[in-house]
1. Under unit Cβ charges (Lys, Arg +1; Asp, Glu -1), what dipole magnitude, rounded to 20 debye, does the chain have relative to its Cα centre?
2. Once you keep just the Cα pairs under 8 angstrom separated by 6 or more residues, what percentage relative contact order results for the chain?
3. I'd like to compare 86-92, 42-48: which one has the highest average count of other Cβ atoms within 10 Å, and what's the full order after that?
4. Which trypsin sites (Lys or Arg not before Pro) in the range 106-138 pass both tests, a DSSP loop state and at most 12 other beta-carbon atoms within 10 Å?
5. From Cα coordinates alone, what are the radius of gyration and Dmax values for the range 3-180 in angstrom?
6. Projected onto the charge dipole of the chain (+1 at Lys/Arg Cβ, -1 at Asp/Glu Cβ, origin at the Cα centre), which of V26, T101, L15 gives the Cα projection farthest towards the positive end?
7. With r as the distance between the Cβ atoms of T158 and T135 and R0 = 35 Å, compute the FRET efficiency 1/(1 + (r/R0)^6) and round to 0.05.
8. Can you give the direction-averaged projected area of the convex hull of the alpha-carbon atoms in the range 102-147, in nm²?
Amino acid sequence: MEIILASASPRRKELLGHIFDNFRIVVTDIDESFTLISPEENVMKIATNKVNAIDSSFETLIIGADTTVFLDGVYYNKPINEADAARMLAELSGKTHKVYTGICIKYRNKLYSFFEVSNVTFNNLSYNDIDRYITIKQPLDKAGAYGIQDNAVVASYTGDYNNIMGLPVDRLAREIKEIIGYGN
């Protein structure tokens, strides 16, 4: 069975390696703007669009994912530049936000979707902390302009650590096992 990850994220590639030894990365150019009401609908829709943009055989397993940070009705996706990253980090400083990751799996022309949500509390960040973080960690490819794995801005979290990184590995493994019928 061929396995495809529909994502350019190096963190998702690393995390999917915990489930599969061999898979292929296919990056699609889809519209990732949000139009739906809730964060969970948005991330699942974008994950589904990623999967549907890939031509595949009947036996191919395709995994698409999308992650967003959400606080007080505001979405914090990937920053467009360092100034945008600084704004995001300042707005998230000292607060607890939610991280949503939507997953879509396509197998035998059927789609399966789910989402995970985790809570993340930021440290109180000074402007110097923010500037240093942006300079050292280069957060422009991360939702919310941060990575929990950087051990620099997060005070605490509840929920799935890997979800906050962008791929809820344990839940994904369980879902895939159920979908493809391992153990049956």
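Bear in mind that the values in this text are calculations on the coordinates, not laboratory data. Bear in mind the structure is a predicted one, so any value in this text is a computation, not a measurement. Cβ atoms come from the backbone with ideal geometry, glycine included; neighbour counts cover every protein chain shown.
1. Charge dipole, the chain, about its Cα centre: 240 debye, nearest 20.
2. 23 percent
3. 42-48, 86-92
4. When the trypsin sites (Lys or Arg not before Pro) of the range 106-138 are filtered for loop state and at most 12 Cβ neighbours within 10 Å, R108 remain.
5. 16.2, 52
6. Final value for the positive-end residue is L15.
7. 0.75
8. 4.6 nm²
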